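Structure record follows, encoded as structure tokens.
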Amino acid sequence: MIANMNARTQRAGIVASATVGRRVWLQAAGVVGFALLTAAGAHLVVPVPGSPVPITLQTLFVLLAGITLGPRLGALSMGFYLLLGMTGYHVFAAASWGQGNIFGATGGYLIGFVLAQPVIGALSRRSNSPRASLRRLSMTSSLLAAALAGNLIIFTIGLVWLQLWMNTAPVQTLAMGLWPFVPGLVLKTAAAVAGGHALQPLARRIRTSCGA
């Protein structure tokens, strides 16, 4: 009997180890994957006349990173993205790279990508309501709040940094760094909410471990 118990315990330990191993690999893939998606979004560029800040698709993937990976892994993913750009990979807007992007006019937005992750991840936790309709409504509200808060953090840091860098009046700073981006923000926020719903099965698997 003792031998059978030991065998069952050993099998349970092997299964648990395999499960943890798969989760770690999935989390690592998520961290790298969202960093690469953000890099891909940086290559879709629409220049804004008179502004050093271009319109890109980056913020969509930044929002989805926090929604899917959670606070800690989302920040790790965006930190990895910045590291890639700083070490020579062409992952910043218009295939640029280098520390000049971090310390230049658009550096505040890039830093905001990282700093927004804890808030996005915390606000996008799924509902435990027993009714499916209420769960979906609650999830939609959470995703919308997460996306709006994420955009607020990114653009607040980006605009303050831009104003200090360009030494412009607030009205000029908003004209360069906010107003041209509002239509795209609306579309990307809606896409992040829809994508967040679609990625919930993946998010549940990645965020199972505490602190993810």
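Remarks
- Calculated over the range 18-175: convex hull of Cα atoms, volume per residue (Å³): 117 Å³
- Rounded, prolate or oblate (a/c below 1.5 giving rounded, otherwise prolate when a/b exceeds b/c) for the range 129-178 by Cα gyration tensor: prolate
- Computed lengthening from Leu83 to Met166, 0.36 nm per intervening residue step minus Cα-Cα distance: 27.4 nm
- The ranking of Ile67, Ile102 by Cβ neighbour count inside 10 Å, starting from the fewest, reads Ile102, Ile67.
- Sequence-ordered 3J(HN,Hα) estimates for the range 26-43 from the Karplus curve with 6.51, -1.76 and 1.60 and θ = phi - 60° stand at 5, 5, 4, 5, x, 4, 5, x, 6, 5, 5, 5, 4, 5, 5, x, 6, 7 Hz, glycine and proline given as x.
- For the pair the range 145-212 / the range 33-89, the C-alpha centres are spaced 11 Å from each other.
- Overall form of the range 14-102 per C-alpha gyration tensor (a/c, 1.5; a/b vs b/c): prolate
- Approximating the spin labels as points 7 Å out from Cα along Cα→Cβ, the Trp97-to-Val45 distance works out to 1.4 nm.
- Distance (nanometres) between label positions extended 7 Å along Cα→Cβ at Ala198 and Leu137: 2.5 nm
- Amide H to amide H, with H built 1.01 Å from N, Ile55 comes under 5 Å of Val46, Val48, counting only residues 5 or more places away or on other chains.
- Across the range 2-206, the mean sequence separation of Cα contacts (distance under 8 Å, 6 or more residues apart), normalised by length, yields a relative contact order of 23 percent.
Read the figures in this text as sums done on the coordinates, not as results from a lab. Keep in mind that this is a model prediction, so the values were computed, not measured. Backbone-built Cβ (ideal geometry, glycine too); neighbour counts: all protein chains shown.
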